[in-house]
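Just below is one structure, and these are the notes that go with it.
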Amino acid sequence: MDHSRVPVLEALEDFRRRGDIAYGPPGHKQGRGVDPRVAEIVGLDVFRSDVLSLDGLDDRRQSQGVLRRAQELMADAVGAEHAFFSTCGSSLSVKTAMLAAAGPGEKLLLSRNAHKSVVAAVIVNGVEPVWVHPKFDPERHLAHPPEPDDVRRCLEEHPDAKGMLLITPTDWGSCADIEGVARVCHAVDVPVIVDEAWGAHLPFHPDLPVWGMHAEADLVVTSVHKMGGAVEQSSVFHLQYDRVSPEALAQREDLLGTTSASSLVHATLDGWRRQMVEQGYDLLDGAIRRAHRIRAAVADLPGLRPMGREIVEEGLAADLDPLKIVIDVRKLGLSGIQAVEWLRTHRHVDVGGSDSCRLSASITHADDDETEEVLLDALRALTEHADSVERRPPVRLPEPSALELEQAMLPREAFFAPVEHVPAERAAGRIAAETISPYPPGVPVVAPGEIITDEVLDYLRSGADHGVLIPDAADSSVRTLRVVARGANTRA
């Protein structure tokens, strides 16, 4: 296929060249009506490129097939049979993918280190989750993806499961054995869905972890805005084989997706695909070498411990994305949360993620010598000024087994059950009716339907006191919890 072509961008260029006057949405009429004060900050070209597909980029019957051609080029670029663009981010795409594999009341194996969007999908879709617990790293207090044997055991216990959802790479860059999991699932003819939100770049360089489509996954969801070059909310479904019907996937996406898809998202996805096919190897090769330099320099800084391929050598993960710079800061006497706040306040450096132990910085093809030096200078300054940072009450981390909560009700049933709010000191033993996710990275500690324990309460309360953001709880201070009212039907 001719990857120099960019159907969406070409249609957008034609639209702007023609000077069409639109008498439908968007109401700003390609920027004519935008407040100049907004345009001064955002840029008028953003609005000039905000066009509907119907009677804009394409005709009302979409006979030119602009989007179809762009999606075919994307599929060819990454080795998929089909690709579908999504403009609502992977938070919605993963819901669509799950619904394409399993319907209400059906079982689906889910990696328990999933993002909160997966739990939201379980509530919305009404599937019965079978949690596959991740491989826990007690030294780093970190969850790595589950292994093929974990998936095999769950499939043996639940032979009626309709598939498996695997999260890889994790927010911290550790990767699953996708091919091993796929072969376990395919042996019983069920699909593997990979939430590869952090992995859109993986198909384009051999020194990166294996890409899901190349590792026999059936359906892969990516967030191109995370590690690629498209605008926020840019997501793509990639599909192969026949275990998930492309028709079913398209219909589920139509059920959940927007009817006002953003031309900005489609155009930048189209352009990023061309860039990666034509220049991706060289761009990513430079990014990988840069990340190795940064990791080596960080290792020489006192009190900082970057995570590297030792997690693979120790058998904790199948691979590691080298572009994720994950740094344990506990030897500075700080939490990752405090380190991130200091970097933002004092050095105007924003990193991607943090928790009680570490912070994470993503290196992409967009980084250069300047951004490399800014990051290293900021981290040096952090080590030099760590003693001046006010200490906060520590986050009391539970034992790994304490994070494997008992599920007493289906998440959907618990979420929609009669509820009451109880003080935290009286919540142990009750069934949660809400999702509670320290953020970032947004992996739920408590999901609806799980039985709350004292250990988890202590973890969450101490985290809130330390400054951990818990945005999805009804009470973000976790002084009260939303629980299923007594007397509601349970499975326990």
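Laboratory data are not the source of any read-out in this text; all were calculated from the coordinates shown. Quick caveat: nothing in here was measured; it's all calculated off a predicted structure. Reconstructed Cβ throughout: ideal geometry from the backbone, glycine too, with neighbour counts over all protein chains shown.
Data overview
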| quantity | calculated |
| --- | --- |
| Amide H contacts under 5 Å for Arg430, placed H, 5+ residues apart | Ile452 |
| Chain lengthening between Ser388 and Asp14 when straightened (0.36 nm per residue, less Cα-Cα) | 128.9 nm |
| Amide H contacts under 5 Å for Asp355, placed H, 5+ residues apart | Gly336, Ile337 |
| From phi via Karplus (6.51, -1.76, 1.60), per-residue ³J(HN,Hα) for the stretch 351-364 in Hz, x at Gly/Pro | 9, x, x, 7, 8, 5, 10, 8, 10, 9, 10, 9, 9, 10 |
| The stretch 3-10 - phi-based ³J(HN,Hα) in whole Hz, Karplus 6.51/-1.76/1.60, Gly and Pro as x | 7, 6, 7, 9, x, 5, 5, 5 |
| Highest average packing first - 189-201, 223-235, 402-414, 39-51, Cβ atoms within 10 Å | 189-201, 223-235, 402-414, 39-51 |
| Mean Cβ neighbour count within 10 Å, used as a protection proxy, ranking 367-374, 77-84 highest first | 77-84, 367-374 |
| HN-Hα J in Hz across the stretch 123-140 - Karplus 6.51, -1.76, 1.60, θ = phi - 60°, x for Gly and Pro | 5, 5, 6, x, 6, 9, x, 10, 6, 9, 6, x, 7, 8, 9, x, 5, 8 |
| Ser477, Ser437 arranged by Cβ crowding within 10 Å, fewest neighbours leading | Ser477, Ser437 |
| DSSP beta bridge pairing in the chain, given as percent antiparallel to the nearest 5 | 70 percent |
| Fewest-first sequence of Asp321, Asp207, Asp20 by Cβ atoms within 10 Å of each Cβ | Asp207, Asp20, Asp321 |
| Calculated [θ] (222 nm, deg cm²/dmol) that DSSP helices of n ≥ 4 give over the chain, each run adding -39,500 (n - 2.57) | -11500 deg cm²/dmol |
| Within straight-line cross-link reach of Lys162, lysines at Cα separation under 24 Å, skipping those fewer than 8 residues along the same chain | Lys95, Lys107, Lys116, Lys135 |
| For Leu108, distant residues with modelled amide H under 5 Å away | Glu128, Val130, Lys162 |
| Reported label for calculated P(r) over Cα pairs in 10 Å bins from 0, in percent given [x] 4, 18, 27, 27, 18, 6, 0; [y] 3, 15, 16, 15, 13, 9, 7, 8, 8, 5, 2, 0; [z] 4, 19, 27, 22, 15, 9, 3, 1, 0, 0 | [x] |
| Ranked Trp342, Trp211, criterion: other C-beta atoms within 10 Å, fewest first | Trp342, Trp211 |
